[in-house]
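Asks: First the structure, which I've put down as structure tokens, then a few questions once you've had a look.
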Amino acid sequence: MNLILLGPPGAGKGTQASRLVKERGLVQLSTGDMLRAAVAAQTPVGLQAKSVMESGGLVSDEIILGVVEERLAEADVQANGFLLDGFPRTVVQAEGMSKFATIDVAIDLVVAEEVVLERISSRRVCSKCGAIYSVAAPPSTQWVCDKCGGDVEQRADDTPESIAKRLAAYNTETQPTIDFYAASGLLVKVDGIGSPDEVFARLLSAIDAQLPK
Ligand SMILES: [Zn+2]
């Protein structure tokens, strides 16, 4: 089973992705991790990506697609299937990937913009271990991480201006990608409002309803 998880920043993709891969035994893939791994392994596309990044440039769709194609060909992914989190971001990437990957279900985790704004601006993150808290659910001691004792703070890019920018990019680039999967008959929309357990239950039943019996 090969899945794509799409949705605006702050929709809760990270939380749901890690639960989904556990539940269904999939390999979780993100472009950041795949790029870092390809660079470290010095694969041909990894070396291309490295020189672009070192010169301060943006890694092209062609290079990213090359990295994804290499990763999807590896044995663990072939045996277990994958969940792509936050990729493809654009129609060009989605079309490119359709040439070498079969997607079973593309999930759109739907959360309204005002909810996303509220969620991200109240988010607080441990600077040491990355544990996520919020103004409404802080650590038990004032802004000291329950897990590791690190400082819990607001990320520099979780400001209203930065969130607005990310949402605008999402609307212009990723919304057409969602339409692309809808036109291919692969899209399921899942309501992302509610507790993590509620959203997860919805996700599982939406995926099962979409898969051929
Ligand atoms: Zn921590």
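The values are calculated or read from the model by the stated rules, or taken from the named source; none is laboratory data. What you see is a predicted model; the values in this text were computed from it and never measured. Using ideal geometry, Cβ is built from the backbone for each residue, glycine included, and neighbour counts are taken over all protein chains shown. Each accessible area value is taken on the protein alone, full model and side chains, heavy atoms only, with ligands, DNA and RNA left out. Shrake-Rupley method; radii C 1.70, N 1.55, O 1.52, S 1.80 Å.
Asks: What part of the accessible area of the chain, given as a whole %, is carbon or sulfur when the probe is 1.4 angstrom? Before the final figure, lay out each step's value.
Replies: Details: 5910 of 11030 Å².
Carbon-and-sulfur percentage of accessible area, whole number: 54.
Asks: Can you run phi through the Karplus equation (6.51, -1.76, 1.60; θ = phi - 60°) for the range 113-118 and list ³J(HN,Hα) in whole Hz, with x for Gly and Pro?
Replies: 4, 5, 5, 4, 4, 5
Asks: Still on this structure, I have one more. Hey, any idea what Rg/Rh is for the range 47-137, computing Rh the Kirkwood way over Cα pairs?
Replies: Computed over Cα atoms, the ratio is 1.06.
Asks: What relative contact order, as a whole-number percentage, does the chain give when Cα pairs under 8 Å and 6 or more residues apart are counted?
Replies: Details: 299 pairs, mean separation 57.2, N = 213.
Here the relative contact order equals 27 percent.
Asks: Next question. Under a 5 Å amide H to amide H cut-off, with H placed in plane at 1.01 Å, what residues pair with Glu153 once short-range neighbours are removed?
Replies: It is Val125, Cys126, Ser127, by chain and number.
Asks: Related question: Starting from the amide H of Phe82, placed 1.01 Å from N in the peptide plane, find each other amide H under 5 Å away whose residue is 5 or more places distant or on another chain.
Replies: The answer is Asn2, Leu3, Val27.
Asks: In debye to the nearest 20, how big a dipole does the chain give about its Cα centre with +1 on each Lys and Arg Cβ and -1 on each Asp and Glu Cβ?
Replies: 340
Asks: Please give the per residue accessible area of the range 66-213, computed with a probe of 1.4 Å over protein heavy atoms only, in Å².
Replies: 53
Asks: Go through Lys50/Lys99; Lys99/Lys165; Lys22/Lys50; Lys22/Lys165 and tell me which ones have a Cα-Cα distance over 28 Å in this structure.
Replies: Numbers: Lys50/Lys99 24 Å; Lys99/Lys165 31 Å; Lys22/Lys50 31 Å; Lys22/Lys165 32 Å.
In this structure, Lys99/Lys165; Lys22/Lys50; Lys22/Lys165 exceed 28 Å between Cα atoms.
Asks: Let me ask something additional. Compute, for the range 150-213, the length of the dipole vector about the Cα centre, with Cβ point charges of +1 (Lys, Arg) and -1 (Asp, Glu) only. Units Debye, rounded to 20.
Replies: For this selection, approximately 360 debye.
Asks: Over all alpha-carbon pairs of the chain, lay out the pair-distance distribution in 5 Å bins, whole %, shortest bin first.
Replies: 1, 7, 13, 16, 18, 18, 14, 9, 3, 1, 0
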